[in-house]
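I have placed the structure first, in the form of structure tokens, so that the comments after it can refer back to it.
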Amino acid sequence: LARSLGRAAALHGRALLVRLDGTADAHPGLTDLVAGRADFTAAIRREAGPRLNLIGRGRGEASALLDGGDALGLTFDALGEAYDWVIASLGDGFSAETRSMVSALGAWMDAVVIASNAEADDPRLVGLFDTAEAAGVPEVIVAQDRAPAEVPMPSYPLRRSA
């Protein structure tokens, strides 16, 4: 979903996809930016097309971002100035780490999209939704990839009216 949103956003401006849903890798990424071990030119890679770029997790663990203090906010402020769209993919929304990231990033987000097929009253989904709202995110959206339930339509005889 995050990649699809990034590609769609890139049709309407410069877009950046921040991938925190993977494991640490050898390429510099967001954790390296926040820690001061890399600059933006080393961390940002070209994704698909000229207007979608990518920053991966980097060499550190995502939990290190939470310990970065103001550096995380300053980094997202800079990314928001450089790009029309910044899409962060956080991974499993029901993990404690993801909830902490939503809380930390909420101040810089205009919207959070939770991709989940969980039922609307699932306590994990409700908890993540509440976390995003408490962080000050203006729009929290739940996206599902299952087909909507069939709703039987009553059949009425055809009538003409004038």
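Which ones in the range 103-129 are of a type in the set (Asp, Glu) and either open to solvent by less than 60 Å² (accessible area, probe 1.4 Å) or touching a residue at least 12 places away in the same chain (Cβ under 8 Å) (or both)? Talk me through it step by step, then tell me what you get.
First pass over the range 103-129, keeping only residues of a type in the set (Asp, Glu): 110, 119, 121-122.
If the condition is that a residue be of a type in the set (Asp, Glu) and either open to solvent by less than 60 Å² (accessible area, probe 1.4 Å) or touching a residue at least 12 places away in the same chain (Cβ under 8 Å) (or both), then Asp110, Asp122 are the ones that fit.
Looking only at the range 39-49, filter to residues that are modelled with pLDDT of 90 or more and in a loop (DSSP other than H, G, I, E, B); which one of those is most open to solvent (accessible area, probe 1.4 Å)?
By that ranking, first place goes to Asp39.
In the list Ala104, Ala96, which residue meets the criterion of being more than 27 Å from Leu11 (Cβ to Cβ) and touching a helix residue (DSSP H, G or I) at 6+ places or on another chain (Cβ under 6 Å)? Give the steps one after another, and end with the answer.
Values: Ala96 fails: touching a helix residue (DSSP H, G or I) at 6+ places or on another chain (Cβ under 6 Å).
Residue meeting the stated conditions: Ala104.
Among the listed residues Gly36, Gly29, Gly6, identify the single one that is over 17 Å from Thr75 (Cβ atoms) and either out of contact with any Asp or Glu (no Cβ under 6 Å at 6 or more places or on another chain) or open to solvent by less than 40 Å² (accessible area, probe 1.4 Å) (or both). Can you show your working first?
Values: Gly36 fails: over 17 Å from Thr75 (Cβ atoms); Gly29 fails: over 17 Å from Thr75 (Cβ atoms).
After applying the criteria, what remains is Gly6.
Yes/no per residue for (1) surrounded by fewer than 19 Cβ atoms within 10 Å (Cβ to Cβ); (2) touching a strand residue (DSSP E or B) at 6+ places or on another chain (Cβ under 7 Å); (3) closer than 16 Å to Ala135 by Cβ; (4) without any contact (Cβ under 8 Å) to a residue 12 or more places away in the chain:
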{"site": "Arg51", "(1), (2), (3), (4)": "no, yes, no, no"}
{"site": "Leu54", "(1), (2), (3), (4)": "no, yes, no, no"}
{"site": "Ala64", "(1), (2), (3), (4)": "yes, no, no, no"}
{"site": "Gly73", "(1), (2), (3), (4)": "yes, no, yes, no"}
{"site": "Asp84", "(1), (2), (3), (4)": "yes, yes, no, no"}
{"site": "Gly91", "(1), (2), (3), (4)": "yes, no, no, no"}
{"site": "Glu97", "(1), (2), (3), (4)": "yes, no, yes, no"}
{"site": "Met101", "(1), (2), (3), (4)": "no, no, yes, no"}
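Please determine, by comparing only the residues of the range 14-26 that are farther than 16 Å from Phe76 by Cβ and of a type in the set (A, V, I, L, M), which one is surrounded by the fewest Cβ atoms within 10 Å (Cβ to Cβ).
So the first thing to find is which residues in the range 14-26 are farther than 16 Å from Phe76 by Cβ, and the list is 21-26.
From what's left, of a type in the set (A, V, I, L, M): 24, 26.
Working: Ala24: 15, Ala26: 8.
In this case the residue turns out to be Ala26.
Can you tell me which of Arg146, Arg124 is at pLDDT 90 or above and more than 14 Å from the chain's Cα centre (by Cα)? Give the steps one after another, and end with the answer.
Details: Arg146 fails: at pLDDT 90 or above.
Selected residue: Arg124, the only one of Arg146, Arg124 that is at pLDDT 90 or above and more than 14 Å from the chain's Cα centre (by Cα).
Is it the case that the range 91-107 has a residue that's modelled with pLDDT of 85 or more and in a loop (DSSP other than H, G, I, E, B)?
no
Based on what the data block shows, is Ala26 in a helix (DSSP H, G or I), in contact (Cβ under 8 Å) with a residue 12 or more places away in the chain and either out of contact with any His (no Cβ under 8 Å at 6 or more places or on another chain) or under 22 Å from Ala135 (Cα atoms) (or both)? If you could, list the steps in order and put the result at the bottom.
Working: in a helix (DSSP H, G or I): no; in contact (Cβ under 8 Å) with a residue 12 or more places away in the chain: yes; either out of contact with any His (no Cβ under 8 Å at 6 or more places or on another chain) or under 22 Å from Ala135 (Cα atoms) (or both): yes.
Spelling it out, it is not the case that Ala26 is in a helix (DSSP H, G or I), in contact (Cβ under 8 Å) with a residue 12 or more places away in the chain and either out of contact with any His (no Cβ under 8 Å at 6 or more places or on another chain) or under 22 Å from Ala135 (Cα atoms) (or both).
The values are calculated or read from the model by the stated rules, or taken from the named source; none is laboratory data. Nothing here was measured: the structure is a model prediction, and the numbers come from that model. Cβ sites come from the backbone with ideal geometry, for glycine too, and all protein chains shown count toward neighbours. These accessible areas exclude ligands, DNA and RNA; they are computed on the full protein's heavy atoms, side chains included. Shrake-Rupley method; radii C 1.70, N 1.55, O 1.52, S 1.80 Å.
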